[in-house]
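Here is the structure we will look at, set down as structure tokens.
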Amino acid sequence: MQTTDVQEQLFSNLKTYFGYDSFRAQQQDIIETVLSKKDCLVIMPTGGGKSICFQLPALSFEGVTLVISPLIALMKDQVDGLNANGIAASYFNSSQSASEQHDIIERVITADLKLLYVAPESLAALQNIITEKYISCVAIDEAHCISSWGHDFRPSYQQLGFLKSTLPNTPFIALTATADKATRSDIAKQLRIEHAQQFISSFDRQNIELEVRPADNRISQIVKFIKRNQGQSGIVYCLSRKTTEQLAKKLKTNGISAKAYHAGLSFDERSKVQESFIFDRTQIVCATVAFGMGIDKSNVRWVVHYNMPKNIEGYYQEIGRAGRDGLKSHALLFHSYADVIQLRNFASGASNEAFQIAKLDRMKQFSESTTCRRKILLSYFGELLAENCGNCDVCKNPPQIFDGTIIAQKILSAVYRLKESEAIGMIIDVLRGSQNAAVLDKGYNQLKTFGIGRDIAYRDWQHLIIQLINQGFCEIAFHQNNALRLTEFSKKVLFEGAKVALTKPVHIPEPKVKERVKRKPKAAPKTRVKKRENTLFERLRQLRYKIALEENIPAYLIFSDATLKEIERERPLSEDDFLSISGVGQRKLEVYGDEFIAEILDFMGSKVKKPKKKATHLVTYDLYKNGLTIEEISVERKLSTTTIYSHIAKLHSTGKAVNIYDFVSKSEVEAVKKAKTDLDAPTGLKPYYDHLNGDLDYFKIRLALSVVDKN
Ligand code: ADP
Ligand code: ZN
């Protein structure tokens, strides 16, 4: 084939199967490299679009593409997604029965599969078919698992080294979101693809808004945050199991339903929470960092860090679970000194203590930054951003610098008078003249500095003290109860007239020297909450949810939020227009097109308060009564035959006169009837489809059920 033919074929497959019109950065290069049978190592951030890099070439290869993936949940999700796009894919693992496994092997041998997902543990069972006769390409997903340098080493991945010797002429593509150089070359070495071409994408996830806030009143801040993001999926990461449960409970008392997830729950409980999150039944999960690995859910709209993560890698990975569909998403981190201290304690005594603490310090710098946060984040991964990002709290609300010399003097003299023996909390209590027991017991209310800072709020004092620490004007003695201590620099401020520049915390009152102007307290801006239920997007979302339940696959595998948004914007009313939406491929057009078009029409109708349009199946009924065949009706109505059959089923169930046995045979009805009993009347069509080994198309099942359910 000519290069242009190959490319044409690629673009055509990209649209037909995945519904996309263009590649993202690097995807095309990677795919062409795989197709030219060269090995590749792909480093791309979460949500960057790694999967297509091996799924699309798989369609062009004659044999099967073997995909190594660490988690069963992840495999299932990807396979469901591929099947929903009309691609023959399956997985092979220990949870399957011997006969299921046998069938899959058969499908490999007969080249009836394009992709086969398998965990490394199960490779041995596939030994006989792992030959170049059947396997055309090998993709190793989450490839960092092979490296003990990576953050998620899995011993079972180590056996993958042998694969290349078994399949020396087969192209290998290893993919990971782990950036660092040492891990990268270790992966190539372990997989024995040292010569592999490396593709390293930018780690910038521009659609994720970054925000850091001080951690006081976290709960009420989180409640407000969630209420502003109502109806959207999100994760709150917490440091401890206990916090996840307490937080979920507190959210509940605030009328927000949330589930807790942590390693202390049983496997079943965890799977349940995970599944209900994936299926959009649970919108919010309060979790430890164990949650999220193996979840491909593309419509997570926000991630909150209730506690500070212990390093930037972890933080980046966790926020990366938001906005995989490329839509606007939000990452909110709460920063508290108590967390920093706790994390230091965790690290202390570890064999690599210094290493862990250095990483924690970088995290702290990020949290306390007064310059663009994305710049700091990306520089950590060795990427330089020329411009400020404009999508972080610092860019949106640049800090104002003021002369903080007097404030610094107040803080430092308090530290001095407390004999450098008290932690931040007590310093602030003394500055603010707090009358609590600890203060009174120690007689601190007698000190000269007592109460000299009543005009500044507690959290603002925190913000100011942290700045002094960062600038080296004082320090925390971590090994002495975190007491605040003076440094060489302190003296310059206290005795030598050195000036200190500080940034204003949001809401800090003007320094006293200025004349006070009485201002009316500003009313909090009213957040405009759109009535969600009335938007077309919400109606489309509900329809997607209904279909997801019917088919028993996650909603985002039907259409991503990005696709729904485009449908809302474009309002396609014909099949051609529907197909032009990004994310709508051939199969999805056929299976879902009409229902969505009908929903749009209905929405538009109800907007202009026209009398309601005749229900779509009744329009079909008129044509049917006029003697048109299914094909003729399909042409006449510009709807697919599948849809027309679903109308016929509906007509039959609602008692209209149709000759149902013209469309489905008695034996097919019998088969579905038996399946219904065997399966104990499941919801949705997919269980039937699977039970009947895919022998009966969905439309036939629907037709048969219209008979079975009636009797
Ligand atoms: P990764 O595995 O890198 O985390 P995925 O492969 O799951 O990312 O892709 C993330 C999202 O981006 C998915 O919803 C996917 O369908 C979408 N996507 C991938 N490639 C494209 C493309 N060329 N155009 C539009 N969307 C894409
Ligand atoms: Zn920024």
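The values are calculated or read from the model by the stated rules, or taken from the named source; none is laboratory data. What you are looking at is a predicted structure, and each value in this text was computed from that prediction instead of being measured. Neighbour counts are summed over all protein chains in view; Cβ atoms, including those assigned to glycine, are modelled from backbone coordinates with ideal geometry. Accessible surface is based on the protein model in full, side chains and every heavy atom, while ligands, DNA and RNA are left aside. Shrake-Rupley method; radii C 1.70, N 1.55, O 1.52, S 1.80 Å.
Data overview
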read-out	value
Members of segment 1-25 that are under 21 Å from the mean Cα position of the chain (by Cα) and not in a helix (DSSP H, G or I)	GLY19, TYR20, PHE23, ARG24, ALA25
Residue that is touching a residue at least 60 places away in the same chain (Cβ under 8 Å), part of a strand (DSSP E or B) and hydrophobic (A, V, I, L, M, F, W, C), where the choices are LEU484, LEU385, LEU378, LEU494	LEU484
Any hit, segment 324-333, residues being of a type in the set (S, T, N, Q) and either more than 16 Å from ligand 1 (Cβ to nearest atom) or in a loop (DSSP other than H, G, I, E, B) (or both)	no
Yes/no for LYS710 being open to solvent by 40 Å² or more (accessible area, probe 1.4 Å), outside any loop (DSSP other than H, G, I, E, B) and either in contact (Cβ under 8 Å) with a residue 12 or more places away in the chain or not assigned by TED's automatic domain parsing to the domain that holds HIS617 (or both)	no
Output for segment 262-277, where each listed residue is under 21 Å from ASN299 (Cα atoms) and open to solvent by 20 Å² or more (accessible area, probe 1.4 Å)	ARG270, SER271, LYS272, GLN274, GLU275
Among (1) open to solvent by less than 50 Å² (accessible area, probe 1.4 Å); (2) within 38 Å of the chain's Cα centre (by Cα); (3) at pLDDT 90 or above, the one test that ARG539 misses	(1)
Matching residues in segment 326-347 - criterion: being open to solvent by 20 Å² or more (accessible area, probe 1.4 Å) and farther than 26 Å from ALA477 by Cα	GLY326, LEU327, LYS328, HIS330
Within segment 119-218, strands (runs of 3 or more DSSP E) holding 2 or more residues that are open to solvent by less than 30 Å² (accessible area, probe 1.4 Å)	135-140, 172-176, 208-214
Scope segment 680-707; condition assigned to a loop (DSSP other than H, G, I, E, B) and under 33 Å from the mean Cα position of the chain (by Cα); matching residues	PRO682, THR683, GLY684, LEU685, ASN693, GLY694, ASP697
Given (1) over 16 Å from the mean Cα position of the chain (by Cα); (2) touching a residue at least 40 places away in the same chain (Cβ under 8 Å); (3) open to solvent by 20 Å² or more (accessible area, probe 1.4 Å), index of the condition CYS40 fails	(3)
Residue selected from segment 313-323 under the condition more than 10 Å from ligand 1 (Cβ to nearest atom) and not small (Gly, Ala, Ser), by the criterion surrounded by the most Cβ atoms within 10 Å (Cβ to Cβ)	ILE319
Pairs with Cβ under 8 Å, 6+ apart, first in segment 359-372 and within 17 Å of GLN462 (Cβ to Cβ), second open to solvent by 20 Å² or more (accessible area, probe 1.4 Å) and in a loop (DSSP other than H, G, I, E, B)	THR370/PRO399
Answer from SER574, SER582 - the residue that is under 26 Å from PHE11 (Cα atoms), at pLDDT 90 or above, surrounded by fewer than 14 Cβ atoms within 10 Å (Cβ to Cβ) and polar (S, T, N, Q)	SER574
Residues located in segment 625-655, provided they are open to solvent by 70 Å² or more (accessible area, probe 1.4 Å) and among the charged types (D, E, K, R)	LYS625, GLU631, GLU632, GLU636, LYS638, LYS650
Pairs where the first residue, in segment 1-27, is farther than 11 Å from SER582 by Cα and at pLDDT below 95 and the second is open to solvent by 60 Å² or more (accessible area, probe 1.4 Å) and among the hydrophobic types (A, V, I, L, M, F, W, C), C-beta under 8 Å, 6+ apart	GLN9/MET1
Residue within segment 196-211 that is of a type in the set (Val, Ile, Thr) and in contact with a His (Cβ under 9 Å, 6 or more places away or on another chain) present	yes
Checklist (1) more than 22 Å from the chain's Cα centre (by Cα); (2) among the basic types (Lys, Arg); (3) not assigned by TED's automatic domain parsing to the domain that holds TYR91 applied to ARG192, failing item	(3)
The one condition in (1) within 30 Å of PHE537 (Cβ to Cβ); (2) touching a Phe, Trp or Tyr at 6+ places or on another chain (Cβ under 7 Å) that ILE648 fails to fulfil	(1)
In segment 413-443, the residues that are part of a helix (DSSP H, G or I) and basic (Lys, Arg)	ARG417
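Condition check ((1) within 23 Å of HIS305 (Cβ to Cβ); (2) modelled with pLDDT of 90 or more; (3) open to solvent by 30 Å² or more (accessible area, probe 1.4 Å); (4) in a loop (DSSP other than H, G, I, E, B)) across all residues:
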| residue | (1), (2), (3), (4) |
| --- | --- |
| GLN356 | yes, no, yes, no |
| ARG374 | yes, yes, no, no |
| ASN445 | no, yes, yes, no |
| ILE466 | yes, no, no, no |
